[in-house]
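J.: Here it is: the structure, laid out below.
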Amino acid sequence: MTKAAESTERSTKDATTDRSLDRDCTTLSRHILQQLQSFSPEAQDLSALMNRIALAGKLIARRLSRAGLMEDVLGFTGETNIQGESVKKMDVYANNVFIAVFKQSGLVCRLASEEMEKPYYIPENCPVGRYTLLYDPIDGSSNTDINLSLGSIFSIRQQEGEDVDGSAKDLLAPGRKQIAAGYILYGPSTMLVYTIGKGVHSFTLDPSLGEFILSEENIQIPVHGPVYSVNEGNFWQWDEPIREYIRYVHRTEGYTARYSGAMVSDIHRILIQGGVFLYPGTVKKPEGKLRLLYETAPIAFVIEQAGGRATTGYENILDVVPKHLHQRTPLIVGSKENVAKVESFLKQN
Ligand code: P6P
């Protein structure tokens, strides 16, 4: 091989090495700073905050990966949470993990969770910490004991006002107030997907590094997709227009049903392959099951940032003003054309 060819080969190898090294160094905290194109105190805070969320994801992923080998990890606690749901031991553990990672952070003063009736305040962080974390620590608890995919959902808001009476009234604001949102998917690999309003980006946990490394930037949801994701066991509880939509996808070529019992898994599939996820209201529960502040609003932020849509069927999820912390909303979310098709049945009503 000529010297010139050798040096070209060497420089190509170097370039490839540099590229893979650069990729391995594109951690979540670095990516946030790149997204913000700033090293301001606010940018550093948000980067540090997301890094703590990543730490929570690592701790939960580690626990899940060994749950079957440990005592007292799986199964129910025997308690019932504010939602009236039986609490899994993993729900409690994960809820406490998110609290623990923000202690002594000076970042997050309040945490509001599906598992806690009222927000949890971290005294040493208040009033310095101006961020509030709203989260569903384990989304899809029914999958915990059967080793199927699960998620955590997070939403970050800026605290507005002093909240002197601990009522956290400033949280009763529409989802457009979110400054960051995303989810952690505990699947064959652990992925973290986030947005700060500058597109949607996914990171994969590299256990050998203990870091979430950038997998995909600026994810765009397909305009249309084959997947419809809904619990058809509720068919007879839905309003007629939703039943009509389901009859439509049953008789129309090109649709396929996928429903895992963990919204994060179903949403991630739809983000990548396209389609629509529905958790409609029912006659008995017109507001549906999913909670606005820490489930439907963060998911809506991510999917809208990826070019999709999220609606209650009649109102954009991100415009809904919650009346209380654990307010529920119906959810129809996914590819623009698939969501529009569902809405077309609702409009006929
Ligand atoms: P159902 C999990 O409890 C959850 O909040 C979502 O993750 C999931 O999509 C849904 O509820 C499952 O509810 O009524 O279909 O079992």
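A short reminder: the numbers here are calculations on the coordinates, not readings from a lab. These figures come from a predicted structure and were not determined experimentally. With ideal geometry, Cβ positions are generated from the backbone for all residues, glycine too; neighbour counts draw on all protein chains shown.
J.: Looking at the stretch 102-201, which GluC sites (Glu not before Pro) are DSSP coil and have at most 16 other C-beta atoms within 10 Å of their C-beta?
T.: Values: sites: GLU114, GLU115, GLU117, GLU124, GLU160, GLU162; in loops: GLU114, GLU115, GLU117, GLU160, GLU162.
Here the sparse-neighbourhood loop sites are GLU117, GLU160, GLU162.
J.: Okay, next question. Express in whole angstrom the spacing between the alpha-carbon centres of the stretch 233-254 and the stretch 273-349.
T.: If we compute the Cα centre of each part, the gap is 17 Å.
J.: So, with +1 on the Cβ of K and R and -1 on the Cβ of D and E, and no other charges, what is the size of the charge dipole of the stretch 20-216 about its Cα centre, to the nearest 20 debye? Display every interim value, and only then the final one.
T.: Values: 18 positive and 24 negative charges, 74 e Å.
The dipole magnitude comes to about 360 debye.
J.: Counting residues in the stretch 227-347 as N, plug N into 2.2 N^0.38 Å and put the Cα Rg over that result. Can you show the working numbers first?
T.: Numbers: Rg = 13.1 Å, N = 121, 2.2 N^0.38 = 13.6 Å.
Computed over Cα atoms of the stretch 227-347, the ratio equals 0.96.
J.: If you average the alpha carbon positions of the stretch 180-204 and of the stretch 1-31, how far apart do those two centres end up, in angstrom?
T.: Cα centroid to Cα centroid, the span is 27 Å.
J.: Pulled fully out, how much extra length does the chain show between ASP24 and GLN37, if you take 0.36 nm times their separation in residues and subtract their Cα-Cα distance? Show your work: numbers first, answer last.
T.: Numbers: separation 13, 0.36 × 13 = 4.68 nm, distance 1.97 nm.
My answer for the length gained is 2.7 nm.
J.: In the chain, if the dipole is taken from +1 on Lys/Arg beta carbons and -1 on Asp/Glu beta carbons about the Cα centre, which of LEU325, HIS31, ILE82 is farthest to the positive end?
T.: Going by the Cα projections, it comes out as HIS31.
J.: Using alpha carbon coordinates only, what is the Rg to Rh ratio of the chain, with Rh defined as the Kirkwood radius? Please list the in-between numbers first.
T.: Details: Rg = 21.3 Å, Rh = 21.1 Å.
Here Rg/Rh amounts to 1.00.
J.: ALA340 to ASP145: extension gain in nm, 0.36 nm per residue of separation minus the Cα-Cα distance? Could you put the intermediate results ahead of the total?
T.: Values: separation 195, 0.36 × 195 = 70.20 nm, distance 3.62 nm.
So the extension gain works out to 66.6 nm.
J.: As a test of understanding, state the convex hull volume per residue of the stretch 154-278 from its alpha carbons, in Å³.
T.: Values: hull volume 21.3 nm³, N = 125.
Output value, Cα hull per residue: 170 Å³.
J.: Going by the alpha-carbon gyration tensor, a ≥ b ≥ c the square roots of its eigenvalues, is the stretch 20-216 rounded (a/c under 1.5) or, if a/c is not under 1.5, prolate (a/b greater than b/c) versus oblate? Intermediate results must be reported in sequence, preceding the final value.
T.: Numbers: a/c = 1.91, a/b = 1.06, b/c = 1.80.
Verdict is oblate for the stretch 20-216.
J.: While we're on this one: So which DSSP H runs in the chain come out at 24 Å plus along the axis (Cα) with average Kyte-Doolittle of at least 1.6?
T.: Working: long enough: 3-24 (31 Å, -1.74); 41-66 (38 Å, -0.02).
The answer is none, since no helix passes both cut-offs.
J.: Here is the link list: LYS13/LYS58; LYS89/LYS347; LYS323/LYS347; LYS88/LYS169; LYS89/LYS198. Which ones come out longer than 31 Å on Cα distance?
T.: Numbers: LYS13/LYS58 33 Å; LYS89/LYS347 43 Å; LYS323/LYS347 26 Å; LYS88/LYS169 29 Å; LYS89/LYS198 36 Å.
Over 31 Å Cα-Cα: LYS13/LYS58; LYS89/LYS347; LYS89/LYS198.
J.: Loop-only GluC sites (Glu not before Pro) in the stretch 1-90, please: DSSP not H, G, I, E or B, and at most 12 other Cβ atoms within 10 Å. Numbers along the way, then the final one.
T.: Values: sites: GLU6, GLU9, GLU42, GLU71, GLU79, GLU85; in loops: GLU71, GLU85.
In loop regions of the stretch 1-90 (DSSP not H, G, I, E or B), the sparsely surrounded GluC sites (Glu not before Pro) are GLU71.
J.: Further question: Kindly provide the helix-only [θ] at 222 nm of the chain, computed as the sum of -39,500 (n - 2.57) over DSSP H runs of four or more divided by all residues, to the nearest 500 deg cm²/dmol?
T.: Values: 8 runs with 115 residues, N = 349.
The per-residue figure over the chain is -10500 deg cm²/dmol.
J.: How do CYS25, CYS126 rank when sorted from fewest to most other Cβ atoms within 10 Å of their own Cβ? Show your work: numbers first, answer last.
T.: Values: CYS25 12, CYS126 17.
The most exposed by this proxy come first: CYS25, CYS126.
J.: Could you list THR77, THR252, THR190 so that the one with the fewest beta carbons within 10 Å of its beta carbon is first and the one with the most is last? Intermediate results must be reported in sequence, preceding the final value.
T.: Details: THR77 15, THR252 9, THR190 22.
Ordered from fewest to most neighbouring Cβ atoms within 10 Å, THR77, THR252, THR190 come out as THR252, THR77, THR190.
J.: Which are the unpartnered cysteines of the chain, meaning those with no other cysteine Cβ under 4.7 Å from their Cβ?
T.: Among the cysteines of the chain, those whose Cβ sits 4.7 Å or more from every other are CYS25.
J.: Dipole size in debye (nearest 20) for the chain around its Cα centre, Lys and Arg Cβ +1, Asp and Glu Cβ -1? Walk me through the intermediate numbers first.
T.: Details: 37 positive and 42 negative charges, 72 e Å.
So the magnitude is around 340 debye.
J.: Could you give the distance between the Cα centres of the stretch 208-222 and the stretch 113-152, to the whole Å?
T.: 22
J.: First measure r as the distance between the Cβ atoms of ASN316 and ALA5, then evaluate 1/(1 + (r/R0)^6) with R0 = 56 Å and state the FRET efficiency to the nearest 0.05.
T.: Values: r = 59 Å, r/R0 = 1.04.
With a Förster radius of 56 Å, E is 0.45.
J.: So between GLU85 and HIS224, what do we pick up on full extension, going 0.36 nm a residue minus the alpha carbon distance? Mind dumping the intermediate values first?
T.: Working: separation 139, 0.36 × 139 = 50.04 nm, distance 3.44 nm.
Computed gain between GLU85 and HIS224 is 46.6 nm.
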